[in-house]
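Report on the structure given below.
The values are calculated or read from the model by the stated rules, or taken from the named source; none is laboratory data. Source: prediction; values computed, not measured. Note: ideal-geometry Cβ built from the backbone for every residue, glycine included; neighbour counts use all protein chains shown. Ligands, DNA and RNA are excluded from the accessible area calculation, which covers all protein heavy atoms including side chains. Shrake-Rupley method; radii C 1.70, N 1.55, O 1.52, S 1.80 Å.
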Amino acid sequence: MGRLTEAVAAGGGASAARSAGPPPTPLPLPSTSLGCTATMASSEEDGTNGGASEAGEEKEATGKRRRLGLLATVWLTFYNIAMTAGWLVLAIAMVRFYMEKGTHKGLYRSIQKTLKFFQTFALLEIVHCLIGIVPTSVIVAGVQVSSRIFMVWLITHSIKPIQNEESVVLFLVAWTVTEITRYSFYTFSLLDHLPYFIKWARYNFFIILYPVGVVGELLTIHAALPYVKKTGMFSIRLPNKYNVSFDYYYFLLITMASYIPLFPQLYFHMLRQRRKVLHGEVIVEKDD
Ligand SMILES: CCCCCCCCCCCCC/C=C/C(=O)SCCNC(=O)CCNC(=O)[C@H](O)C(C)(C)COP(=O)(O)OP(=O)(O)OC[C@H]1O[C@@H](n2cnc3c(N)ncnc32)[C@H](O)[C@@H]1OP(=O)(O)O
(Lines give C-alpha, C1' and ligand atoms only; values in the text may rest on other atoms or scores of the structure.)
Protein backbone atom coordinates (compact mmCIF):
# COMPACT_ATOMS: atom_id res chain seq x y z
CA MET A 1 0.00 0.00 0.00
CA GLY A 2 2.97 2.30 -0.78
CA ARG A 3 0.98 5.10 -2.33
CA LEU A 4 -1.57 5.09 0.46
CA THR A 5 1.01 5.55 3.22
CA GLU A 6 3.01 8.18 1.37
CA ALA A 7 -0.14 10.04 0.49
CA VAL A 8 -0.80 10.64 4.20
CA ALA A 9 2.42 12.59 4.44
CA ALA A 10 2.06 14.31 1.07
CA GLY A 11 -1.60 15.24 0.82
CA GLY A 12 -1.14 17.67 -2.12
CA GLY A 13 -3.37 18.45 -5.11
CA ALA A 14 -3.00 16.83 -8.50
CA SER A 15 -2.18 19.82 -10.61
CA ALA A 16 0.48 21.29 -8.35
CA ALA A 17 2.63 18.21 -8.45
CA ARG A 18 2.10 17.69 -12.16
CA SER A 19 3.91 20.94 -12.78
CA ALA A 20 6.84 19.93 -10.56
CA GLY A 21 10.18 18.84 -12.03
CA PRO A 22 12.25 20.13 -14.94
CA PRO A 23 10.32 20.61 -18.18
CA PRO A 24 11.24 18.29 -21.06
CA THR A 25 12.55 19.69 -24.35
CA PRO A 26 9.49 19.38 -26.53
CA LEU A 27 9.31 18.09 -30.10
CA PRO A 28 5.95 18.93 -31.68
CA LEU A 29 3.40 16.22 -32.43
CA PRO A 30 0.13 16.84 -34.28
CA SER A 31 -2.54 18.73 -32.43
CA THR A 32 -5.89 16.99 -31.85
CA SER A 33 -9.31 18.54 -31.65
CA LEU A 34 -10.04 16.69 -28.40
CA GLY A 35 -8.52 19.67 -26.68
CA CYS A 36 -4.92 18.54 -26.48
CA THR A 37 -1.68 19.46 -28.18
CA ALA A 38 0.92 16.75 -27.84
CA THR A 39 4.66 17.29 -27.72
CA MET A 40 7.24 14.53 -27.49
CA ALA A 41 10.32 15.25 -25.45
CA SER A 42 12.57 12.21 -25.45
CA SER A 43 12.59 8.55 -26.34
CA GLU A 44 14.14 5.40 -24.90
CA GLU A 45 13.51 1.83 -25.89
CA ASP A 46 11.69 -0.42 -23.51
CA GLY A 47 13.98 -2.10 -20.99
CA THR A 48 17.25 -1.05 -22.63
CA ASN A 49 18.32 1.44 -20.02
CA GLY A 50 18.37 -0.94 -17.04
CA GLY A 51 18.84 0.76 -13.66
CA ALA A 52 18.23 4.26 -14.97
CA SER A 53 14.76 3.20 -16.08
CA GLU A 54 13.98 1.63 -12.70
CA ALA A 55 15.20 4.71 -10.85
CA GLY A 56 13.11 6.89 -13.14
CA GLU A 57 10.04 4.76 -12.57
CA GLU A 58 10.55 4.87 -8.80
CA LYS A 59 10.90 8.66 -8.92
CA GLU A 60 7.78 8.90 -11.07
CA ALA A 61 5.81 6.70 -8.63
CA THR A 62 6.85 8.91 -5.72
CA GLY A 63 5.82 11.98 -7.70
CA LYS A 64 2.41 10.46 -8.35
CA ARG A 65 1.89 9.68 -4.65
CA ARG A 66 2.61 13.29 -3.77
CA ARG A 67 0.02 14.48 -6.27
CA LEU A 68 -2.82 12.56 -4.66
CA GLY A 69 -4.25 13.18 -1.20
CA LEU A 70 -5.05 10.24 1.07
CA LEU A 71 -8.79 10.46 0.55
CA ALA A 72 -8.48 10.52 -3.24
CA THR A 73 -6.06 7.59 -3.20
CA VAL A 74 -8.28 5.50 -0.93
CA TRP A 75 -11.35 6.33 -3.02
CA LEU A 76 -9.64 5.54 -6.34
CA THR A 77 -8.27 2.27 -4.96
CA PHE A 78 -11.75 1.26 -3.80
CA TYR A 79 -13.32 2.42 -7.09
CA ASN A 80 -10.82 0.54 -9.26
CA ILE A 81 -11.06 -2.67 -7.21
CA ALA A 82 -14.87 -2.51 -7.39
CA MET A 83 -14.80 -1.91 -11.15
CA THR A 84 -12.26 -4.69 -11.78
CA ALA A 85 -14.44 -7.06 -9.75
CA GLY A 86 -17.61 -5.92 -11.55
CA TRP A 87 -16.17 -6.52 -15.02
CA LEU A 88 -14.67 -9.84 -13.89
CA VAL A 89 -18.13 -10.93 -12.71
CA LEU A 90 -19.45 -9.96 -16.14
CA ALA A 91 -16.71 -11.92 -17.93
CA ILE A 92 -17.38 -15.02 -15.85
CA ALA A 93 -21.15 -14.71 -16.39
CA MET A 94 -20.68 -14.43 -20.15
CA VAL A 95 -18.33 -17.43 -20.36
CA ARG A 96 -20.65 -19.52 -18.15
CA PHE A 97 -23.70 -18.55 -20.19
CA TYR A 98 -22.02 -19.52 -23.45
CA MET A 99 -20.70 -22.81 -22.05
CA GLU A 100 -24.12 -23.77 -20.66
CA LYS A 101 -26.33 -22.63 -23.55
CA GLY A 102 -23.96 -22.90 -26.50
CA THR A 103 -25.45 -19.76 -28.06
CA HIS A 104 -25.20 -15.99 -27.63
CA LYS A 105 -28.99 -15.67 -27.75
CA GLY A 106 -30.22 -14.54 -24.33
CA LEU A 107 -26.71 -13.55 -23.24
CA TYR A 108 -27.42 -9.81 -23.05
CA ARG A 109 -30.61 -10.41 -21.09
CA SER A 110 -28.78 -12.55 -18.57
CA ILE A 111 -26.00 -10.03 -17.86
CA GLN A 112 -27.81 -6.73 -18.43
CA LYS A 113 -28.29 -5.74 -14.77
CA THR A 114 -24.59 -6.08 -13.93
CA LEU A 115 -23.58 -4.34 -17.15
CA LYS A 116 -25.92 -1.40 -16.56
CA PHE A 117 -24.78 -1.00 -12.98
CA PHE A 118 -21.03 -0.98 -13.63
CA GLN A 119 -21.14 0.97 -16.88
CA THR A 120 -23.34 3.64 -15.29
CA PHE A 121 -21.05 3.75 -12.27
CA ALA A 122 -18.27 4.67 -14.72
CA LEU A 123 -19.87 8.13 -15.05
CA LEU A 124 -17.76 8.84 -11.96
CA GLU A 125 -14.76 8.85 -14.30
CA ILE A 126 -15.93 12.18 -15.69
CA VAL A 127 -16.33 13.43 -12.11
CA HIS A 128 -12.78 12.25 -11.25
CA CYS A 129 -11.43 14.34 -14.14
CA LEU A 130 -13.59 17.35 -13.27
CA ILE A 131 -12.44 17.44 -9.64
CA GLY A 132 -8.84 16.83 -10.71
CA ILE A 133 -8.07 13.56 -8.90
CA VAL A 134 -7.07 11.91 -12.19
CA PRO A 135 -5.17 13.74 -14.93
CA THR A 136 -7.18 12.28 -17.86
CA SER A 137 -8.69 14.89 -20.22
CA VAL A 138 -12.37 15.52 -19.39
CA ILE A 139 -13.15 15.50 -23.10
CA VAL A 140 -11.45 12.15 -23.74
CA ALA A 141 -13.14 10.55 -20.72
CA GLY A 142 -16.45 12.26 -21.59
CA VAL A 143 -16.56 10.93 -25.16
CA GLN A 144 -15.51 7.46 -24.01
CA VAL A 145 -18.00 7.17 -21.15
CA SER A 146 -20.95 8.92 -22.84
CA SER A 147 -20.71 6.70 -25.93
CA ARG A 148 -20.85 3.65 -23.64
CA ILE A 149 -23.80 5.01 -21.63
CA PHE A 150 -25.56 5.77 -24.89
CA MET A 151 -25.01 2.20 -26.14
CA VAL A 152 -26.18 0.64 -22.89
CA TRP A 153 -29.29 2.73 -22.13
CA LEU A 154 -30.48 4.33 -25.37
CA ILE A 155 -29.70 1.45 -27.69
CA THR A 156 -29.43 -2.00 -26.14
CA HIS A 157 -31.71 -1.48 -23.15
CA SER A 158 -34.35 0.45 -25.11
CA ILE A 159 -34.48 -1.62 -28.30
CA LYS A 160 -35.22 -5.19 -27.23
CA PRO A 161 -35.25 -6.76 -30.74
CA ILE A 162 -31.53 -6.05 -31.21
CA GLN A 163 -30.39 -7.59 -27.93
CA ASN A 164 -29.59 -10.92 -29.59
CA GLU A 165 -27.49 -9.48 -32.42
CA GLU A 166 -23.96 -10.93 -32.72
CA SER A 167 -22.66 -7.36 -32.78
CA VAL A 168 -23.79 -6.91 -29.16
CA VAL A 169 -21.49 -9.79 -28.16
CA LEU A 170 -18.69 -8.13 -30.13
CA PHE A 171 -18.75 -4.90 -28.15
CA LEU A 172 -19.50 -6.66 -24.85
CA VAL A 173 -16.39 -8.83 -25.19
CA ALA A 174 -14.24 -5.84 -26.26
CA TRP A 175 -15.48 -3.69 -23.36
CA THR A 176 -15.11 -6.47 -20.80
CA VAL A 177 -11.52 -7.44 -21.65
CA THR A 178 -10.57 -3.75 -21.87
CA GLU A 179 -12.07 -2.82 -18.53
CA ILE A 180 -10.64 -5.76 -16.59
CA THR A 181 -7.21 -4.80 -17.90
CA ARG A 182 -7.66 -1.04 -17.43
CA TYR A 183 -9.05 -1.08 -13.90
CA SER A 184 -6.55 -3.68 -12.71
CA PHE A 185 -3.81 -1.49 -14.25
CA TYR A 186 -5.01 1.51 -12.21
CA THR A 187 -5.39 -0.60 -9.05
CA PHE A 188 -1.92 -2.13 -9.20
CA SER A 189 -0.41 1.25 -10.12
CA LEU A 190 -2.01 2.84 -7.06
CA LEU A 191 -0.64 0.02 -4.92
CA ASP A 192 2.80 0.40 -6.56
CA HIS A 193 2.85 -3.25 -7.61
CA LEU A 194 2.12 -3.15 -11.30
CA PRO A 195 3.00 -6.44 -13.03
CA TYR A 196 4.55 -5.81 -16.45
CA PHE A 197 2.05 -8.06 -18.25
CA ILE A 198 -0.86 -5.87 -17.05
CA LYS A 199 0.92 -2.73 -18.23
CA TRP A 200 1.68 -4.47 -21.52
CA ALA A 201 -1.93 -5.67 -21.88
CA ARG A 202 -3.33 -2.20 -21.07
CA TYR A 203 -1.29 -0.62 -23.85
CA ASN A 204 -1.51 -3.39 -26.48
CA PHE A 205 -4.96 -5.01 -26.25
CA PHE A 206 -6.67 -1.79 -27.30
CA ILE A 207 -4.98 -1.97 -30.73
CA ILE A 208 -7.40 -4.78 -31.62
CA LEU A 209 -10.15 -4.28 -29.03
CA TYR A 210 -10.89 -0.63 -29.80
CA PRO A 211 -11.73 -1.27 -33.49
CA VAL A 212 -13.59 -4.48 -32.56
CA GLY A 213 -15.68 -2.57 -29.98
CA VAL A 214 -16.42 0.26 -32.38
CA VAL A 215 -17.46 -2.17 -35.16
CA GLY A 216 -19.74 -3.94 -32.66
CA GLU A 217 -21.28 -0.64 -31.58
CA LEU A 218 -21.81 0.63 -35.12
CA LEU A 219 -23.34 -2.65 -36.33
CA THR A 220 -25.68 -2.64 -33.32
CA ILE A 221 -26.85 0.93 -33.98
CA HIS A 222 -27.26 0.02 -37.65
CA ALA A 223 -29.39 -2.99 -36.67
CA ALA A 224 -31.56 -0.68 -34.54
CA LEU A 225 -32.34 1.73 -37.39
CA PRO A 226 -35.31 -0.10 -39.00
CA TYR A 227 -37.02 -0.55 -35.61
CA VAL A 228 -36.47 3.09 -34.68
CA LYS A 229 -37.82 4.25 -38.04
CA LYS A 230 -40.87 1.98 -37.80
CA THR A 231 -41.83 2.84 -34.23
CA GLY A 232 -40.75 6.50 -34.16
CA MET A 233 -39.40 5.90 -30.67
CA PHE A 234 -37.89 8.82 -28.73
CA SER A 235 -39.02 11.14 -31.53
CA ILE A 236 -41.09 14.27 -31.18
CA ARG A 237 -43.33 15.16 -34.10
CA LEU A 238 -44.81 18.48 -35.10
CA PRO A 239 -47.22 20.01 -34.45
CA ASN A 240 -46.89 20.22 -30.68
CA LYS A 241 -47.33 23.00 -28.16
CA TYR A 242 -43.56 23.57 -27.82
CA ASN A 243 -43.09 23.66 -31.60
CA VAL A 244 -40.11 21.35 -31.30
CA SER A 245 -39.31 18.30 -33.39
CA PHE A 246 -36.73 15.56 -32.85
CA ASP A 247 -36.14 12.47 -34.92
CA TYR A 248 -34.24 9.71 -33.12
CA TYR A 249 -33.62 7.93 -36.43
CA TYR A 250 -31.63 10.88 -37.80
CA PHE A 251 -29.98 11.35 -34.42
CA LEU A 252 -28.67 7.78 -34.71
CA LEU A 253 -27.38 8.43 -38.23
CA ILE A 254 -25.55 11.53 -36.97
CA THR A 255 -24.16 9.59 -34.01
CA MET A 256 -22.83 6.90 -36.36
CA ALA A 257 -21.23 9.58 -38.52
CA SER A 258 -19.63 11.18 -35.46
CA TYR A 259 -17.53 8.03 -34.93
CA ILE A 260 -15.60 8.99 -38.08
CA PRO A 261 -13.93 12.09 -36.59
CA LEU A 262 -14.03 11.02 -32.92
CA PHE A 263 -12.81 7.43 -32.91
CA PRO A 264 -9.46 8.09 -34.65
CA GLN A 265 -8.71 10.78 -32.08
CA LEU A 266 -9.29 8.38 -29.18
CA TYR A 267 -7.29 5.70 -30.96
CA PHE A 268 -4.33 7.95 -31.72
CA HIS A 269 -4.50 9.28 -28.16
CA MET A 270 -4.10 5.70 -26.92
CA LEU A 271 -1.24 5.07 -29.39
CA ARG A 272 0.54 8.14 -27.98
CA GLN A 273 -0.05 6.90 -24.42
CA ARG A 274 1.36 3.54 -25.49
CA ARG A 275 4.56 5.15 -26.81
CA LYS A 276 4.85 7.14 -23.60
CA VAL A 277 4.26 4.29 -21.17
CA LEU A 278 5.86 1.32 -22.96
CA HIS A 279 8.66 3.07 -24.82
CA GLY A 280 9.47 5.90 -22.45
CA GLU A 281 8.63 8.80 -24.75
CA VAL A 282 7.76 11.89 -22.74
CA ILE A 283 4.60 13.32 -24.26
CA VAL A 284 3.35 16.58 -22.84
CA GLU A 285 -0.33 17.24 -23.56
CA LYS A 286 -1.51 20.79 -23.14
CA ASP A 287 -5.07 22.06 -23.25
CA ASP A 288 -5.58 24.39 -26.20
C1 LIG B 1 -24.84 11.11 -26.64
C2 LIG B 1 -24.21 10.19 -27.60
C3 LIG B 1 -22.72 10.33 -27.69
C4 LIG B 1 -22.16 9.44 -28.73
C5 LIG B 1 -20.76 9.78 -29.11
C6 LIG B 1 -20.39 8.95 -30.27
C7 LIG B 1 -18.97 9.09 -30.70
C8 LIG B 1 -18.07 8.09 -30.07
C9 LIG B 1 -16.86 7.84 -30.83
C10 LIG B 1 -15.88 6.99 -30.08
C11 LIG B 1 -16.40 5.68 -29.69
C12 LIG B 1 -15.55 4.94 -28.73
C13 LIG B 1 -16.23 3.69 -28.38
C14 LIG B 1 -15.48 2.87 -27.44
C15 LIG B 1 -15.45 1.60 -27.56
C16 LIG B 1 -14.64 0.80 -26.68
O17 LIG B 1 -14.31 1.06 -25.55
S18 LIG B 1 -14.18 -0.65 -27.36
C19 LIG B 1 -13.11 -1.45 -26.22
C20 LIG B 1 -11.68 -0.93 -26.30
N21 LIG B 1 -11.61 0.26 -25.60
C22 LIG B 1 -10.48 0.78 -25.14
O23 LIG B 1 -9.39 0.26 -25.31
C24 LIG B 1 -10.67 2.00 -24.37
C25 LIG B 1 -9.43 2.71 -24.20
N26 LIG B 1 -9.78 3.87 -23.48
C27 LIG B 1 -9.21 4.16 -22.34
O28 LIG B 1 -8.34 3.51 -21.91
C29 LIG B 1 -9.69 5.33 -21.58
O30 LIG B 1 -11.03 5.30 -21.55
C31 LIG B 1 -9.19 6.66 -22.01
C32 LIG B 1 -9.88 7.66 -21.16
C33 LIG B 1 -9.50 6.91 -23.47
C34 LIG B 1 -7.70 6.68 -21.79
O35 LIG B 1 -7.27 7.75 -21.23
P36 LIG B 1 -5.72 8.13 -21.00
O37 LIG B 1 -5.59 9.53 -21.30
O38 LIG B 1 -4.81 7.13 -21.63
O39 LIG B 1 -5.46 8.00 -19.62
P40 LIG B 1 -5.80 7.14 -18.44
O41 LIG B 1 -5.49 5.71 -18.59
O42 LIG B 1 -7.19 7.47 -18.05
O43 LIG B 1 -4.71 7.68 -17.43
C44 LIG B 1 -4.24 9.03 -17.27
C45 LIG B 1 -3.71 9.14 -15.88
O46 LIG B 1 -4.79 9.12 -14.99
C47 LIG B 1 -4.66 8.04 -14.11
N48 LIG B 1 -5.97 7.48 -13.92
C49 LIG B 1 -7.00 7.53 -14.77
N50 LIG B 1 -8.04 6.91 -14.26
C51 LIG B 1 -7.68 6.45 -13.06
C52 LIG B 1 -8.33 5.72 -12.06
N53 LIG B 1 -9.59 5.29 -12.20
N54 LIG B 1 -7.64 5.42 -10.95
C55 LIG B 1 -6.36 5.81 -10.78
N56 LIG B 1 -5.68 6.53 -11.70
C57 LIG B 1 -6.35 6.83 -12.83
C58 LIG B 1 -3.72 7.07 -14.80
O59 LIG B 1 -3.05 6.26 -13.93
C60 LIG B 1 -2.80 8.03 -15.49
O61 LIG B 1 -1.89 8.56 -14.56
P62 LIG B 1 -0.42 8.96 -14.95
O63 LIG B 1 0.28 7.67 -15.20
O64 LIG B 1 0.10 9.68 -13.77
O65 LIG B 1 -0.49 9.81 -16.17
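A quarter of the convex hull surface defined by the alpha-carbon atoms of region 58-285 gives 14.6 nm² as the mean projection. Taking the accessible area of region 58-285, probe 1.4 Å, and keeping the other protein chains in place, the carbon and sulfur fraction comes to 70%. Summed over the residues of region 58-285 and divided among them, the accessible surface reaches 51 Å² per residue at a probe radius of 1.4 Å. Spacing of the modelled spin labels on Tyr196 and Ile131, each 7 Å from Cα toward Cβ, amounts to 3.7 nm. Nearest 0.05, what FRET efficiency do Tyr227 and Tyr267 give at R0 = 30 Å with Cβ-Cβ as r? E(calc), rounded to 0.05, equals 0.50. Local charge for Thr220 was computed over the other residues whose Cβ lies under 14 Å away, with Lys and Arg +1 and Asp and Glu -1, and equals -1. With 23 Å as the limit on Cα-Cα distance, the pairs of Lys160/Lys229; Lys101/Lys230; Lys113/Lys230; Lys116/Lys199; Lys105/Lys160 that go past it are Lys101/Lys230; Lys113/Lys230; Lys116/Lys199. Modelled this way, with points 7 Å down the Cα-to-C-beta line, the labels at Ser110 and Val95 are 1.4 nm from one another.
With a Förster radius of 41 Å applied to the beta-carbon distance between Val215 and Asn243, the computed FRET efficiency rounds to 0.55. These residues, Glu100, Glu217, go from largest to smallest accessible area, 1.4 Å probe, as Glu100, Glu217.
Note on Asp247: accessible area is roughly 50 Å² with a 1.4 Å probe, heavy atoms of protein only.
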